[in-house]
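S.K.: Here it is, the structure in full.
Where a number appears in this text, it was derived from the coordinates with a stated rule and is not lab data. In this text, all values refer to a predicted model and were calculated from it rather than measured experimentally. Every residue, glycine as well, gets a Cβ built from its backbone with ideal geometry; the counts of neighbours run over all protein chains shown.
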C-alpha cells in the first residue's frame, strides 16, 4: 500500500470544547489523500471519546494515547508515526479552511527548494467570531529577517517536507513552548522557507491556550532559540544542543542578563494580554494583568508598567467598571506621564456612542 500524500499531525489534551470543529475541518479538505494522526497526551475530559467517534467513521484517522508527555513530545510522537511525503501541523482548537492542504501541497510541489510553507491566519475568539486577519512575511528573505526577532510562521498553518523535518531531527524537547520556533529556525538553515498570503487557518484565541505562567517559560525558550541560532550562524557549536531544560540561569551563563530576560517576558505577556482583551476574555486579562503587577513589578520598565495599566483601564472601561478604569489610568499616568490623554481619546467616542444608543 502506497503511503499517503500528507500526514496531518495533531496533539490533543483537554480540548473537547473545540475538538470536533477542528477534526471536521481536516476531514472536509479538498485534498483527500492524507492520514490523520492524532496523539492524545493525557486528556481527562471528553477529548478521547470525541476522537474515537470520528475514527470509527473515517479510517484515515489513526489515534494514539500516550499520557504523561509534554506537547513537544506529543508532536514528535505524531511525526514518528507518520508515513506521508508531507507533514501538516494542526492544533486541536483551530479550524482549517477546506483548501488548506491542497494549496500548500501544490506550492511545495512547484517550489522544490522550499522545505516548509505556512500561511496567514484569521484570529477568532472562543465562540468563533472573527477578530481580524494576521498577515505573515511571504518571501524567503523576509522570513529570514523576521526570524532574528520573532517567529514568522503560525505553526498550525505549517506544511513541511518529510526530509526537512528528518534533516533537523524534529522538535527539541527542551524548548517546550517555543519548540516550533526552534525547529523552523533549524529548517531555515537547510531549506528555503515561504508563507502564502492567503488565510488558510482560523486561529483561535482563548485563555487556556497559553496561561500566564506558561508565557514566561515560552519567552525564555524563544530567547534560547535565537541564541542557539546565532551560534550556528557564527559557525560556533550550538550551546543548547543536548540540553534537557532551558532555565533563566542557563541563559545567564550564555551572557543573557536577568534584566534582558525579564524585559522580554513582560513584553511577551503584554502581547498575550492584548490578544485576550481583543478576544473579549476580559476576566482572564484582568487576572493575568493583576498577577503580573504583583509578581513582576520590580522588573518592569516604566513604559511596560504604563502599558499594562492602560490595558487594565481599557478592559475595565469595556466592562463599564468606570471607577476601576480611572484608577488604572491614573496609575499608568504616575508610571509614565507621557501617556497623558492617549487612551481616553479612544474611550470617549465609545462612551458618547453608547450614550447616543440608549
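S.K.: Would you please put 324-335, 84-95 in order of how densely packed they are, using the mean number of other Cβ atoms within 10 angstrom per residue and starting with the highest?
M.R.: 84-95, 324-335
S.K.: How many percent of DSSP beta bridges within the chain run antiparallel, rounded to 5?
M.R.: Around 30 percent of the beta bridges assigned by DSSP in the chain are antiparallel ones.
S.K.: Please work out the ratio of the alpha-carbon Rg of the chain to 2.2 N^0.38 Å and round it to two decimals.
M.R.: Its radius of gyration relative to the 2.2 N^0.38 Å reference: 1.05.
S.K.: OK, next. How far is helix 212-233 tilted off the main Cα axis of the chain, in degrees rounded to 10, range 0 to 90?
M.R.: 60 degrees
S.K.: Next up: Can you work out the FRET efficiency for the pair residue 291 and residue 166, with r the C-beta to C-beta distance and R0 = 25 Å, to the nearest 0.05?
M.R.: Once the sixth-power term is evaluated, E becomes 0.05.
S.K.: State the Cα centre-to-centre distance between the range 266-320 and the range 156-201 in whole Å.
M.R.: 31 Å
S.K.: For helix 282-295, report the angle its Cα long axis makes with the longest principal axis of the Cα atoms of the chain; keep it between 0 and 90° and round to the nearest 10°.
M.R.: 70 degrees
S.K.: Taking R0 as 30 Å, what FRET efficiency do you get between residue 247 and residue 334 from their Cβ-Cβ distance, rounded to the nearest 0.05?
M.R.: Working from the Cβ atoms, E equals 0.30.
S.K.: Note the direction-averaged projected area, equal to a quarter of the hull surface, for the Cα convex hull of the range 89-227, in nm².
M.R.: Orientation-averaged projected area of the Cα hull: 8.2 nm².
S.K.: Can you sort 206, 282 so the residue with the fewest Cβ neighbours within 10 Å comes first?
M.R.: 282, 206
S.K.: Quick check: the angle from helix 302-318's long axis to the longest principal axis of the chain, C-alpha only, nearest 10 degrees?
M.R.: Once rounded, one gets 90 degrees.
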